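Working notes, structure below.
The values are calculated or read from the model by the stated rules, or taken from the named source; none is laboratory data. Predicted model, so just to flag it, every value in this text is computed and none were measured. Positions of Cβ are backbone-derived with ideal geometry, glycine not excepted, and every protein chain shown enters the neighbour counts. For the accessible areas, the whole protein counts, side chains as well, though only heavy atoms, and no ligand, DNA or RNA atoms are used. Shrake-Rupley method; radii C 1.70, N 1.55, O 1.52, S 1.80 Å.
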Amino acid sequence: MHIDRPIDFSPTLIHWRLAMSLDPLQRITIEEGKCGGRPCSRGYRIRVTDILELLGARAPFDEILVEYTFLEREDILAALQYSARQADHRFF
């Protein structure tokens, strides 16, 4: 089926498509000797669980990003996606 629509090349849409094409889980790193080998954000010494605990305490994204200036919004989203994938398995 062919749909005759002009292609949208707006910078915002191109940025969104590029961001979606990259695997956000590549932002999660696990290194021996760093944070006890627990998953961290981009090699920094902030664990995925630290980010999740901040979110669980209802800290807004913007507040987290101000407090941890090395983090990016995509790091928080990657932590959420990582935890969702870890929780998605059967126990029985």
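Structural remarks
- Answer from 62, 88, 50 - the residue that is of a type outside the set (Ser, Thr, Tyr) and under 20 Å from residue 23 (Cα atoms): 88
- Cβ-Cβ under 9 Å pairs, at least 6 apart or on other chains, segment 15-39 side in a helix (DSSP H, G or I) and modelled with pLDDT of 90 or more, far side surrounded by 11 or more Cβ atoms within 10 Å (Cβ to Cβ) and of a type in the set (Val, Ile, Thr): 35/46; 37/30
- Counted residues, segment 40-76 - those being in a helix (DSSP H, G or I) and either in contact with a Phe, Trp or Tyr (Cβ under 9 Å, 6 or more places away or on another chain) or more than 14 Å from residue 26 (Cβ to Cβ) (or both): 19
- Criterion (among the charged types (D, E, K, R) and either open to solvent by less than 60 Å² (accessible area, probe 1.4 Å) or under 13 Å from the mean Cα position of the chain (by Cα) (or both)) met by exactly one of 58, 42: 42
- Among the residues examined, residue 75 qualifies as at pLDDT 95 or above and of a type in the set (D, E, K, R).
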